[in-house]
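Shown next, in structure tokens, is the structure this report addresses.
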């Protein structure tokens with residue numbers, strides 16, 4: 001059994017802030033050293049912004065917890081310096097299979113096209129993910145970056161004061177007061193900070209429970225996502241199987257609503273369920289067991305003055321679809337570059353209204369898809385079950401029925417349609433996948449790929465179009481990346497960014513979402529697009 005979650009990685013050390021006569025004010029305080037909090041902190045540090053992470057623990061999370069990480073979050077993590085270690089350790093997959101009873105009714109491919117640096121998905125235990133992020137923090141600290149993790153620092157109280165947040169922190173050596181110009185709450189689904197501020201979720205709690213079991217075993221199942229509706233080993237319910245590194249397998253079993261959770265988690269009750277699925281001759285060891293209830297909820301707003309919420313602290317969805325950690329990383333990817341502009345005096349605080357708009361838009365999209373998955377997986381009436389089962393039967397032989405099967409629509413990045421930062425689309429012949437608001441798809445460029453070249457700054461991407469090498473507007477310097485379809489033997493650049501257009505000019509945001517696109521460079525219109533993208537038009 002892996003013991004990494006028993007090793008303190010950021011053990012308590014007394015901070016000079018604890019001995020200060022008056023509360024020290026820090027630029028950014030992040031609460032929560034899970035994947036989302038660490039992702040935010042690393043991003044701030046790489047931007048040169050002072051950040052302190054507070055966590056009431058001193059080690060990585062117990063158990064696998066989040067397992068599936070999608071391509072777009074891996075691309076974000078690569079920019080943070082953590083993506084490649086995760087892919088190297090993780091189990092790559094892109095094929096999913098759906099079973100009804102004992103029959104395979106169909107399979108799907110999550111990345112049917114070539115030309116991407118990162119895979120569709122990897123499976124990796126959350127404790128490894130957090131370890132790699134802590135390692136990255138240590139690398140940044142060694143390089144002099146302004147980042148600190150304080151373990152065993154539990155936040156007891158938060159008060160929003162208009163120009164800062166006042167924080168009361170408890171430690172093994174007593175309490176101390178701290179101030180933050182900005183506080184980022186990444187403290188999980190039960191978010192104590194959300195409760196301290198009198199805030200809550202709105203949404204649905206579904207009347208069903210699922211058992212998660214991480215099982216260590218030698219098994220010959222392929223590296224695929226297998227989902228069963230009404231399997232013989234869990235009659236009338238559903239099941240899910242995923243492979244992880246180190247011979248660990250994630251098994252989810254639907255249990256129903258009226259259960260005793262503590263009883264169901266006991267090994268003497270879990271093991272017979274797993275034997276029914278795997279067979280009596282398969283030897284296995286339990287690594288971690290938990291029970292979760294489907295919830296699709298979010299805060300009404302992700303900002304309360306100088307306190308911002310991200311990840312599960314801001315929104316919850318059912319685990320089927322891998323939207324939790326994946327969407328949380330997109331929260332902080334959306335937030336940090338905007339805060340950088342505010343710290344630099346380029347934008348004012350009103351730019352954060354777009355964080356609320358865009359990430360609530362993303363949360364609502366995830367909640368909608370997750371709710372639909374839940375309704376399909378757990379029918380609430382006899383007629384709903386009859387309809388679902390008919391769809392599953394039809395999908396075995398008829399392709400038209402397969403899009404109707406919903407065993408957990410898997411995480412895809414959000415396109416911010418209608419964002420106040422978008423300019424009107426002027427590349428009318430361009431592909432829908434790269435319209436304003438959308439994340440840039442990757443493209444192979446010889447021995448490299450597009451996304452690393454975009455980095456975390458504003459970029460003017462020109463394709464078979466002329467433009468200045470750089471343009472300065474409202475304090476923002478936008479550098480040009482010039483590409484040509486003539487040097488694109490795969491034609492993926494044309495397919496993904498031009499479509500039927502002959503040329504294109506794209507304004508790309510620091511989070512690699514498209515802010516504007518045009519058929520050619522027009523200085524006045526590009527300047528206006530830059531102003532709009534930073535909330536000044």
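Read-outs throughout are calculated quantities, based only on the coordinates presented, and are distinct from any laboratory measurement. Please read these numbers as outputs of a predicted model, since none were measured by experiment.
By the Stokes-Einstein formula, at 1.002 mPa s and 20 °C, the stretch 275-395 with its Kirkwood radius over alpha-carbon pairs has D equal to 123 µm²/s. Within the stretch 432-533, DSSP assigns beta bridges of which about 75% are antiparallel (rounded to the nearest 5).
Per residue, how big is the convex hull of the stretch 432-533 when only Cα atoms are used? Give it in Å³. Could you put the intermediate results ahead of the total?
Details: hull volume 9.0 nm³, N = 102.
About 88 Å³ per residue, rounded to a whole number.
What the pair-distance distribution of the stretch 340-499 shows, using all Cα-Cα distances binned every 5 Å from zero, is 1, 7, 11, 14, 15, 13, 12, 10, 7, 5, 4, 2, 0 percent. As an equivalent ellipsoid, the stretch 168-254 spans semi-axes of 40, 20, 11 angstrom, where each value is the square root of five times an eigenvalue of the C-alpha gyration tensor, largest first.
Got the relative contact order for the stretch 432-533 handy, in percent, Cα pairs under 8 Å and 6 or more residues apart? Could you put the intermediate results ahead of the total?
Numbers: 176 pairs, mean separation 33.6, N = 102.
RCO, the stretch 432-533: 33 percent.
In whole angstrom, the stretch 182-323 maps to an equivalent ellipsoid with semi-axes of 34, 16, 13, each derived as √(5λ) from the alpha carbon gyration tensor and ordered largest first. If one puts a single equal scatterer on every Cα of the stretch 407-488 and applies the Debye formula without solvent, what log₁₀ I(q)/I(0) results at q = 0.14, 0.16, 0.18, 0.25 Å⁻¹? For the requested q values the scattering log ratios are -0.61, -0.80, -1.01, -1.55.
Can you give the direction-averaged projected area of the convex hull of the alpha-carbon atoms in the stretch 124-225, in nm²? Could the numbers behind the result be given before it?
Numbers: hull surface 47.4 nm².
The number I arrive at for the stretch 124-225 is 11.9 nm².
Its Kirkwood hydrodynamic radius, worked out from the mean inverse distance over all distinct Cα pairs, puts the stretch 392-439 at 13.7 Å. Can you compute log10 of I(q)/I(0) for the stretch 35-144 with the Debye formula, treating each Cα as one identical point scatterer, at q = 0.10, 0.18, 0.21 Å⁻¹? Normalising to I(0) and taking log10 leaves -0.37, -0.93, -1.14.
Using a/c under 1.5 as the rounded threshold, could you call the stretch 221-288 rounded, prolate or oblate? The axes a ≥ b ≥ c are square roots of the C-alpha gyration tensor eigenvalues, and prolate needs a/b larger than b/c, oblate otherwise. Verdict is oblate for the stretch 221-288.
Using only the Cα atoms of the stretch 120-179, what semi-axes does the equivalent ellipsoid have when each is the square root of 5 times a gyration tensor eigenvalue? Give whole Å, largest first. Walk me through the numbers before you get to the answer.
Details: eigenvalues 167, 49, 41 Å².
Calculated on Cα positions only, the semi-axes equal 29, 16, 14 Å.
From the C-alpha coordinates alone, can you work out the Kirkwood hydrodynamic radius of the chain, in Å? Write out the running numbers ahead of the final one.
Details: mean 1/r = 0.0407 Å⁻¹.
After inverting the pairwise mean of 1/r, the radius is 24.6 Å.
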